[in-house]
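J.: Here it is, the structure in full.
The values are calculated or read from the model by the stated rules, or taken from the named source; none is laboratory data. Given the structure is predicted, the values throughout are model-derived calculations rather than measurements. Every residue, glycine among them, receives a Cβ derived from its backbone with ideal geometry; neighbour counts consider all protein chains shown.
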C-alpha cells in the first residue's frame, strides 16, 4: 500500500478513510488506486498489493468468465453481476443485452473517437425519457457518474447523466458552463457535481440529508 496520489479508479473519490482506505497497485508502471470496498479487497495488505490485471501482466480490471471487465463498468451497467459480491469477482457478462453493444458512445463521437464509439457496451442517461448512450469509462472521465440513494435505505443506485462535460464547480458556490455562470448561495462545499440534461440542471450533493428540496430550490434561484 502506497501513499495516496490520486483518486479511486472505481468511484473517483480522492479521499480515503481508516475503515475504507485507498490501496495502490504496486505493479510496474501501474497507477491504479482503489478503495478497499470499491474493489472487494477483503483485507488490506501490509505489503505489496497488485490489481488483478497486473497479476496477469495486464491493467486494472477484473476477470469475467472469458475476458476482462472494469469494475466501474460492472457497477454502472445494471445487467452485469458479480459471482461473489464480497470479492467482486468474477464478473458475469452473459446477461448484458445485445442492445447495449450496438449503441454508440456520444462522448467518443464528440471527441473524434468514432472508431471506438461503437466498441463495447454502453449505459444510457438515467434521466427519465433520455436515451443518450455513453461508455461508463468515458462518462467517468467526463465527471458524469454519481451515486444516488437506492430503493432501500442501505442501497446505492449507480447513475450517469449526459452533458455534464464543460461544467465546473467554483469554490464560492458557483457553477459554470461555457460563458454562463449560476450563483449557488449557501451551497458552497455541499455540491459534488452539476449535470445539464436537456436544459435541466441536476445537482449531486455531498451531504444530501442537509438540505431539503424546497430549501435547495430557494437557494439555487435566490
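J.: Kindly indicate the residue of region 69-85 that is over 13 Å from the mean Cα position of the chain (by Cα) and assigned to a loop (DSSP other than H, G, I, E, B) and also farthest from residue 33 (Cα to Cα) among those meeting that condition. If you could, list the steps in order and put the result at the bottom.
T.: In the first step, residues of region 69-85 are kept if they are over 13 Å from the mean Cα position of the chain (by Cα); the result is 69, 78-85.
Then drop every residue that is not assigned to a loop (DSSP other than H, G, I, E, B), which leaves 78-80, 83-85.
On the way: 78: 24, 79: 25, 80: 22, 83: 23, 84: 21, 85: 20 Å.
For region 69-85, the residue satisfying everything is 79.
J.: While we're looking at this one, here's another question. Please state which of the following conditions residue 68 fails to meet, knowing it meets all the rest: (1) at pLDDT below 90; (2) surrounded by fewer than 14 Cβ atoms within 10 Å (Cβ to Cβ).
T.: All conditions are met except number (2).
J.: What is the one condition in (1) at pLDDT 75 or above; (2) under 20 Å from residue 12 (Cα atoms) that residue 84 does not satisfy?
T.: Single failed check for residue 84: (2).
J.: Looking at region 87-103, can you tell me whether even one residue there is out of contact with any strand residue (DSSP E or B) (no Cβ under 7 Å at 6 or more places or on another chain), closer than 16 Å to residue 137 by Cα and either buried (at least 19 other Cβ atoms within 10 Å of the Cβ) or at pLDDT 90 or above (or both)?
T.: yes
J.: If the requirement is being surrounded by fewer than 19 Cβ atoms within 10 Å (Cβ to Cβ), modelled with pLDDT of 85 or more and touching a strand residue (DSSP E or B) at 6+ places or on another chain (Cβ under 6 Å), which of these qualifies: 37, 118, 33? Talk me through it step by step, then tell me what you get.
T.: Details: 118 fails: touching a strand residue (DSSP E or B) at 6+ places or on another chain (Cβ under 6 Å); 33 fails: surrounded by fewer than 19 Cβ atoms within 10 Å (Cβ to Cβ).
Within the list 37, 118, 33, the selection yields 37.
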